[in-house]
Amino acid sequence: MSSDMRTRLERDLTDLMLIPGLSGHEDRVRRAIAGRLSKVGVKTRSDRLGNLIATFEGGFDAPTVMIFTHMDQLGFIVRKVEDDGMIRVERLGGVPERALASQAVILCTGAGDVPGIIYNKSHHATQPDEKYTVAKAPDLRIDTGHGSKAAVEAAGIRIGTPVVYRPNVLPMADGRIAGTSVDDRAGCAVLLELARALADRVGGPTVHVVFTTQEEFNLRGAQVAGQALKPDIAIQIDLMLATDTPEMADRGEMTLGGGPGISLYSFHGRGTLNGVIPHPSAVRLFEDAAADEGLPLQRSAQVGVLTDLSYIQLVGEGVVAIDVGFPMRYSHSSLEMCDLSDLEQLTQLLTAAVARIGPDFPLLRDGEPE
């Protein structure tokens with residue numbers, strides 16, 4: 001592992017995980033990423049939904065590429081402040097109710113971030129029939145310690161205030177990191193490192209690097225970026241469900257520290273019934289790049305997973321699309337976990353794959369150029 005790349009990935013991931021950015025409220029994250037890109041001479045622009053875009057013009061007539069990852073995280077929105085100062089919220093994104101009791105949170109106001117905790121009934125007062133039940137999200141309360149509605153509102157908290165898990169980073173053994181919003185600040189760290197490499201390249205296809213918004217709110221931001229950029233090839237960076245813990249063992253063969261992965265099948269199976277079957281040309285691209293670079297390449301096929309790519313693949317006449325990513329444990333909890341070696345190898349894989357895209361890249365599913 002390159003010590004310089006590892007240092008940058010760890011620094012970017014750590015810094016970005018400590019910045020709150022609820023879906024639809026990603027401004028601070030966007031500014032931090034734009035500032036990092038500006039330091040290496042990369043110009044960025046934003047659209048009306050807050051996506052951050054950097055374009056690296058190509059040196060020849062090759063298909064255009066959009067590589068993207070999301071900046072936002074899941075959390076809550078304040079829906080009511082009770083007279084006693086307790087705060088009621090609505091979930092935003094797939095927040096697991098069974099992981100919420102007594103969690104620390106912050107409420108993000110224009111005057112600053114306010115700490116709070118999710119109410120949990122005192123154990124000594126818990127009745128036998130309550131011990132194994134989980135409070136539903138509409139019944140949750142957040143306690144900020146203020147003690148009255150007037151005091152809460154004076155602190156800048158009102159209906160619509162965003163709430164996220166308290167930002168946290170825990171360095172773990174063997175180069176692993178746990179914390180809030182590994183999904184998908186790890187993807188942001190990888191995309192930042194890829195952008196640095198693209199800034200120094202000579203030739204290659206035109207690449208649009210996009211940090212998207214509102215992925216956790218039904219994949220909103222990427223749709224706008226895709227419609228504007230109209231790429232020929234779309235590569236989404238996101239987590240891959242690690243299956244190396246006991247309860248996940250029958251879900252696949254994705255291991256933390258086992259290297260980057262590609263998704264061969266994803267299907268939400270709820271609500272949208274959306275998903276992605278990757279384009280054969282994109283699968284070959286990453287398999288060949290991994291083989292040539294001597295990099296491991298894990299494979300994933302999951303139900304219950306949905307990414308921005310589900311909609312980007314439908315732009316125009318269709319887009320050559322694939323999900324690539326890093327193994328991650330404990331998705332959507334307050335402490336997710338990834339491995340820095342996977343992030344570095346993913347960066348190397350993406351760099352190698354982009355370099356292989358030339359004028360004759362096959363865009364049709366039968367393997368022929370258009």
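The values are calculated or read from the model by the stated rules, or taken from the named source; none is laboratory data. The structure displayed is predicted, hence computed values, not measured ones. Positions of Cβ are generated from backbone atoms using ideal geometry, with glycine treated the same way; all protein chains shown enter the neighbour counts. Just so you know, the surface numbers come from the protein's heavy atoms only, side chains and all, with ligands and any DNA or RNA stripped out. Shrake-Rupley method; radii C 1.70, N 1.55, O 1.52, S 1.80 Å.
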Tally the residues that are out of contact with any Leu (no Cβ under 9 Å at 6 or more places or on another chain) and without any contact (Cβ under 8 Å) to a residue 60 or more places away in the chain, restricting the search to segment 146-183. 4
Sort out which residues of segment 296-307 are free of Cβ contacts under 8 Å to residues at least 60 places away in the same chain and either within 24 Å of GLY93 (Cα to Cα) or surrounded by fewer than 18 Cβ atoms within 10 Å (Cβ to Cβ) (or both), and write them in order of number. PRO296, ARG299, ALA301, VAL303, GLY304
Of the residues that sit in segment 75-94 and are closer than 25 Å to LEU52 by Cα and modelled with pLDDT of 95 or more, which one is surrounded by the fewest Cβ atoms within 10 Å (Cβ to Cβ)? ILE77
Only residues that are of a type outside the set (Ser, Thr, Tyr) and either under 18 Å from SER181 (Cα atoms) or open to solvent by 10 Å² or more (accessible area, probe 1.4 Å) (or both): list them for segment 347-364, please. GLN348, ALA352, ALA355, ARG356, GLY358, PRO359, ASP360, PHE361, PRO362, LEU363, LEU364
Name the residue, out of SER310, SER333, that is closer than 24 Å to GLN214 by Cβ, open to solvent by 10 Å² or more (accessible area, probe 1.4 Å) and polar (S, T, N, Q). SER333
Failed criterion for GLU344 (all others in (1) acidic (Asp, Glu); (2) in contact with a strand residue (DSSP E or B) (Cβ under 9 Å, 6 or more places away or on another chain); (3) buried (at least 23 other Cβ atoms within 10 Å of the Cβ) hold): (2)
Restricting segment 1-19 to residues that are in a loop (DSSP other than H, G, I, E, B) and out of contact with any Lys or Arg (no Cβ under 7 Å at 6 or more places or on another chain), the residue that is surrounded by the fewest Cβ atoms within 10 Å (Cβ to Cβ): SER2
Spot the failing condition for GLU287; the list is (1) open to solvent by 10 Å² or more (accessible area, probe 1.4 Å); (2) more than 16 Å from VAL354 (Cα to Cα); (3) at pLDDT 95 or above, and only one is missed. (2)
Could you tell me which residue of segment 1-18 is modelled with the lowest pLDDT, considering only residues that are more than 10 Å from ALA189 (Cα to Cα) and in contact with an Asp or Glu (Cβ under 9 Å, 6 or more places away or on another chain)? MET1
Considering only residues that are open to solvent by 70 Å² or more (accessible area, probe 1.4 Å) and assigned to a helix (DSSP H, G or I), look in segment 151-162 and name the one that is farthest from GLY93 (Cα to Cα). ALA154
Identify all residues within segment 39-78 that are within 24 Å of ALA186 (Cα to Cα), among the small types (Gly, Ala, Ser) and part of a loop (DSSP other than H, G, I, E, B); write none if there are none. GLY41, GLY50
Kindly indicate whether GLU293 is acidic (Asp, Glu), over 23 Å from GLU317 (Cα atoms) and in contact (Cβ under 8 Å) with a residue 24 or more places away in the chain. yes
When you go through GLU26, GLU97, GLU57 one by one, which is the residue that is of a type in the set (Asp, Glu) and buried (at least 18 other Cβ atoms within 10 Å of the Cβ)? GLU26
Those residues that are touching a residue at least 40 places away in the same chain (Cβ under 8 Å) and on the phi > 0 side of the Ramachandran plot, I need them from segment 242-283; list them, please. GLY252, GLY257, GLY259
Answer yes or no: is there a residue in segment 139-149 that is of a type outside the set (Gly, Ala, Ser), at pLDDT 95 or above and open to solvent by less than 30 Å² (accessible area, probe 1.4 Å). yes
For segment 163-241, list the strands (runs of 3 or more DSSP E) that sit wholly inside it and hold at least 2 residues that are open to solvent by 40 Å² or more (accessible area, probe 1.4 Å); which are they? 169-171
